[in-house]
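Notes to accompany the following structure.
The values are calculated or read from the model by the stated rules, or taken from the named source; none is laboratory data. Please read these numbers as outputs of a predicted model, since none were measured by experiment. Counting neighbours? That spans all protein chains shown, and the Cβs are built from the backbone with ideal geometry, glycine included.
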Amino acid sequence: MFVVIDESFNLQDKTKPRFISINGFTVLNIKSLTKKWKNYRLPFTKKGRRIHATDSAFVGLRDKTLQIIARPDITLITAFQVIQEITLDDKKGYFKKGKLNFEKVYFGLLTALLSKLEIQEYRAVKIILDSRKYKSGIIGKKAFQQAILSFLNEHYPKVAVAFKMQSSTSDISLELADFISNLFYRAYISKNDAFFEDLKFKIIQIKNPL
């Protein structure tokens, strides 16, 4: 099984829901999926700019994403956390000196989501995570990566788990995850419950686990 994950959030705009979400998909045959995505994106490569879900130049590709997620072989995954609902318990460490500890919250959301995927049912699982900047730089990134690997090895000792973090510009599956994450972002920010209702049999969702 392949697990591909990106994130989306709103931390600044207080006129809209403030949240962090981790979103993506699972699939068994990733080659078939990415081949289809490459075919969809091909006309958009002629724009001569980086393909990104938040760029209005690629609205048409966002629409193609809806066709992708309708495939029977793909399962959507999402963990959603409202900032105001995060526990203030000092032992959890989600806040530091009154400020949100984003990396701690991100780790908590990610492990909560992974715990829902029944990884133990598979012989081998490859997890691909969008790489992002860390306050403590490379050291922080390595510490995060090691913490995830320790979590996976502890909870799924009998599963051959591979875990890597890289940019969406270097992995076509992460580019697709970026567009899927954008779908979730727009649904969460607009409180579009109909989006989730329409896809309820295709989504593994966790809300406010922290």
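For the range 29-68, which positions are more than 17 Å from ARG186 (Cβ to Cβ) and charged (D, E, K, R)? If the condition is that a residue be more than 17 Å from ARG186 (Cβ to Cβ) and charged (D, E, K, R), then LYS31, LYS35, LYS36, LYS38, ARG41, LYS46, LYS47, ARG49, ARG50 are the ones that fit. Select, from LYS46, LYS91, LYS97, the only residue that is among the charged types (D, E, K, R), surrounded by fewer than 19 Cβ atoms within 10 Å (Cβ to Cβ), at positive phi and modelled with pLDDT under 90. None of the other options fit; the residue is LYS97.
Table: residues versus (1) of a type in the set (A, V, I, L, M); (2) in a strand (DSSP E or B); (3) within 18 Å of the chain's Cα centre (by Cα); (4) at pLDDT 90 or above.
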residue	(1), (2), (3), (4)
PHE9	no, yes, yes, yes
ASN23	no, yes, yes, yes
LYS38	no, no, no, yes
ALA57	yes, no, no, no
GLY60	no, no, no, no
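In the range 175-187, of all residues being over 14 Å from VAL59 (Cα atoms) and surrounded by fewer than 23 Cβ atoms within 10 Å (Cβ to Cβ), the one that is farthest from the chain's Cα centre (by Cα) corresponds to ALA187. Scan the range 175-187 and tell me whether some residue there is among the basic types (Lys, Arg) and more than 16 Å from ASN23 (Cα to Cα). Looking for residues that are among the basic types (Lys, Arg) and more than 16 Å from ASN23 (Cα to Cα), one finds none in the range 175-187, hence no. Looking only at the range 85-103, residues that are in contact (Cβ under 8 Å) with a residue 60 or more places away in the chain and not in a loop (DSSP other than H, G, I, E, B) come to 3 in all. The number of residues in the range 95-104 being of a type outside the set (D, E, K, R) and more than 19 Å from the chain's Cα centre (by Cα) comes to 3.
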